[in-house]
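Below is one structure, written out as structure tokens, with a few remarks after it.
The values are calculated or read from the model by the stated rules, or taken from the named source; none is laboratory data. Computed from a predicted model, the values in this text were never measured in an experiment. Methodologically, a virtual Cβ is constructed for each residue, glycine included, from the backbone with ideal geometry; neighbour enumeration extends over all protein chains shown.
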Amino acid sequence: MLNIDLSGRTAIVTASAKRGGRAIALTLSQAGAAVVINARSDAAAADSVVAEIRALGGRAEACVADVSDPAAVERLIDTAVSAFGGLDILVNNAAIRPAESFADMTLEKWRAVTSVILDGSFLCAHAAAPHLKRSGHGRIINIAGISSFLVFSGRPHVVAAKAGLIGLSRALAIELAPHVTVNCVAPGKIEDETDSAEATATRSKRLVANSIPLGRSGATKDVASIVAYLCSDGMSYITGQTLHVNGGAYLT
């Protein structure tokens, strides 16, 4: 557990009912923040994370909302403000990553991805900004990815949208200064905590062979820890930056 105190602050983590988003929400809660758990459609999964946080003594509410829908985003922000009296932290984690070759890609498929990753982050930041400015501790953290730096085939829409998040983070860092810091976290290969130990070990051996210096894939807690750190008072002079969490697979 990081020695970070976020007591009295409220966070929204989009797509936080499962996997990395859940880890981020739990870490922020453990640091003292009240958290709004968001899912696009799986209310049961969101409620499960809320119950998990409350069982540990934390505060949480659930909100099912599609971040590509402006009305749903307004409802998501209102959930935080109504339940906890304000908003201090926004983590734009929502993403979909279908595999699709450029030759087979249609505009509809392109927009299905970019509307969640890039448009969704814009909509959430835009709706949250007035509350974050009033906070005194306003933070936006956008979750990008290594694919925007070490480009992989089969996901041009994902690569473009994640790269757009980096540009959006830099632009908003200027637009929202000095009241809100805006940074980007770019994970590398992160293992799902539900994977078996055998599968994880097999992949780790392959990663060593493929020259990931730390010799393993990351865990969701590795990303969550960096997000929590960016939310802390100790990072109040850092804005417009991209922090890489990839075990040395990509070096800036």
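Observations on the model:
This table checks each residue for (1) among the small types (Gly, Ala, Ser); (2) at negative phi; (3) touching a residue at least 24 places away in the same chain (Cβ under 8 Å).
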{"position": "Val49", "(1), (2), (3)": "no, yes, yes"}
{"position": "Val64", "(1), (2), (3)": "no, yes, yes"}
{"position": "Ala80", "(1), (2), (3)": "yes, yes, yes"}
{"position": "Gly85", "(1), (2), (3)": "yes, no, yes"}
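- Of Ala177, Ala201, all but one fail to be aliphatic (A, V, I, L, M), over 13 Å from the mean Cα position of the chain (by Cα) and at pLDDT below 95; the exception is Ala201.
- Of all residues in the stretch 138-162 being assigned to a helix (DSSP H, G or I) and of a type in the set (A, V, I, L, M), the one that is modelled with the lowest pLDDT: Ile146
- Candidates Leu118, Leu165, Leu132, Leu123, filtered to the one that is of a type in the set (A, V, I, L, M) and either assigned to a loop (DSSP other than H, G, I, E, B) or in contact with a Cys (Cβ under 9 Å, 6 or more places away or on another chain) (or both): Leu165
- In the set Gly248, Gly240, only one residue is assigned to a loop (DSSP other than H, G, I, E, B), at pLDDT 95 or above and either of a type outside the set (A, V, I, L, M, F, W, C) or surrounded by fewer than 20 Cβ atoms within 10 Å (Cβ to Cβ) (or both); that residue is Gly240.
- Residues that are more than 19 Å from Gly8 (Cα to Cα) and under 19 Å from the mean Cα position of the chain (by Cα), drawn from the stretch 53-74: Cys63, Val64, Ala65, Asp66, Val67, Ser68, Asp69, Pro70, Ala72, Val73, Glu74
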